[in-house]
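Here's the structure, in C-alpha cells; my notes come after.
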Amino acid sequence: MRVLVTEPIISSSIELLEQHFDVEVGERGTYDREKAMVKAAAEYDAILTMLSNPVTERVLKTGKENHLKIVADYAVGYNNIDIDAAKRLGIRISNTPDVLTDSTAEIALALLLAAARKTTEAEGFLRERQFEGWDPNQFLGLELHGATLGVVGMGRIGTALARRAKACGMEILYYNRSRVDKNLEKELEATYVPELDRMLMEVDALSIHCPLTDETHHLIDEDKILLMEDHAILVNTARGPIVDEAALAKALHRGQLGGAGLDVYEDEPKVHPDLLTAPNAVLFPHIGSATLKSRKGMGDLAAHAIIGVLNGEESSVPNLVV
C-alpha cells in the first residue's frame, strides 16, 4: 500500500511508516492546492496532511472512488478537512491531540510575557543602538503578578496555559461552551464567566484557545476588542481567523489595546501589513508546537493512525476523529 506524507516531517516518523508501506514525501507547498490533493487522493491509500492542505469534498470523493482509506492530519485542529464529507464517504480522519499541549501553552505564555513587557520593542530599541542607560520611564509594561487573564476555550491547551499563568500569580477567568470540572476550577482558582463580553471588560490579558468554526470566525472583532481595557494584551495561538486581524491592527495603532502576541494569522503565511507596523505586536511564525518532542509525537500519532487503519486495526487507534 502507498502512503503520501505531503511535506517533510521528522524522519523517525517517516521511517515508522516505511516499515509497513511504500512511502513518498512531497515537497513543501506542493499540496497546498486542491488540484494537487485531488490527484493524491486518486493515487494513495493514506495521506498524512498539513493544515495548509485542503481536504475538500472533491478530494474525498476522489479518494472514495479509488482506494484512499485515511487522512491523518498533522495537527490538533482539522478545519482544513471537510469532516461531514469524510463521514458520509467513510474515509477515516485522525488528528494529533495531547502531544503538543505543553509546547503550545509555553508559546502562549511566551507571547503573553513578551507583549506584556514590550520585549520586542525594547530589543529593537537596543539593537538600533538607542539604549543610553537605565530610564525609569522607558518600556513600562503590564506586570503579570496580580493581573487577570481571560481564557477563551478551557480545553487541553487553555488549561495548560491557565496553570502556567496561575504560577505567575495571575487571576484566571474563563469563557467556554460549558463549565469545566469543579475540581479543575478549584485547582486553578478559576472563575467561569458565561458571557464573553463581560469577561472581556474584566481582563488585563486575553488568550484564545478555542477551535475555528463558523461560530468562532471573527469571534474577537472590533466591537469585542473595544470592550477590553486599553492596556490589555491579546494572545492568539489557536487559529488566525478567530481574530479580525484588521480590527486588531487598527486598535493597536490607535492605542486602544496595550499589545498583542500572535502565532497564527487569518491568511497564513500572509500577515496583515498593518500588524507588521503595529506598536507592541509580537509576531511568531506559527511555532506553537515547534519542539522536537512535540513534532515527533505528532508524527508518530499520525503514523500509528495510518498503520492501524490500513492494517485493519482501527480499534487500536485512539485519535480517530471520524
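The values are calculated or read from the model by the stated rules, or taken from the named source; none is laboratory data. Treat the numbers as computed from the prediction; the structure is a model and nothing was measured. Methodologically, a virtual Cβ is constructed for each residue, glycine included, from the backbone with ideal geometry; neighbour enumeration extends over all protein chains shown. The accessibility values were calculated without ligands, DNA or RNA, using every heavy atom of the protein model including side chains. Shrake-Rupley method; radii C 1.70, N 1.55, O 1.52, S 1.80 Å.
Laid out as a table, the results:
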read-out	value
Rounded to 5, the percent of DSSP beta bridges in the chain classed as antiparallel	5 percent
When each of Lys39/Lys69; Lys64/Lys87; Lys61/Lys270 is checked by Cα-Cα distance, pairs over 23 Å	Lys61/Lys270
Calculated FRET efficiency for the pair Leu227/Asn183, C-beta based, R₀ 35 Å, to 0.05	0.70
Heavy atoms of Asp102 accessible to a 1.4 Å probe, total area in Å² rounded to 10	80 Å²
Relative contact order (%) - criterion: Cα under 8 Å, at least six apart; region: the chain	19 percent
Shape of the stretch 44-142, Cα gyration tensor, a/c cut at 1.5	prolate
Filtered GluC sites (Glu not before Pro), the stretch 67-171: DSSP coil and at most 15 other beta carbons within 10 Å	Glu128, Glu132, Glu143
Contact order normalised by residue count of the stretch 50-177, Cα under 8 Å, 6+ apart, percent	20 percent
Exposure ranking of Val76, Val317 by accessible area [1.4 Å probe, largest first]	Val76, Val317
Arg239, Arg163, Arg156, ranked by accessible area, largest first (probe 1.4 Å)	Arg156, Arg163, Arg239
Of Leu301, Leu100, Ile9, farthest towards positive along the dipole that unit charges on Lys, Arg, Asp, Glu beta carbons give the chain	Leu301
Given charges at beta-carbon only (K, R positive; D, E negative), |dipole| of the stretch 126-281 in Debye	540 debye
Accessible carbon and sulfur surface of the chain relative to its total accessible area, %, 1.4 Å	48 percent
Ranked order, Lys296, Lys87 - accessible area, probe 1.4 Å, largest first	Lys87, Lys296
Span-rule helices in the chain, defined as complete DSSP H runs reaching 20 Å or more along the axis (Cα) with Kyte mean at least 0.5	101-116, 292-310
Qualifying GluC sites (Glu not before Pro) in the stretch 212-311, DSSP loop, other Cβ atoms within 10 Å at most 13	Glu215
Helical mean residue ellipticity (222 nm; -39500 (n - 2.57) per DSSP H run of 4+; nearest 500) of the chain	-10500 deg cm²/dmol
Simple label model, 7 Å out from Cα along Cβ direction - Leu320 to Asp84, nm	2.3 nm
The stretch 1-71: C-alpha gyration tensor shape, a/c 1.5 cut-off, then a/b vs b/c	oblate
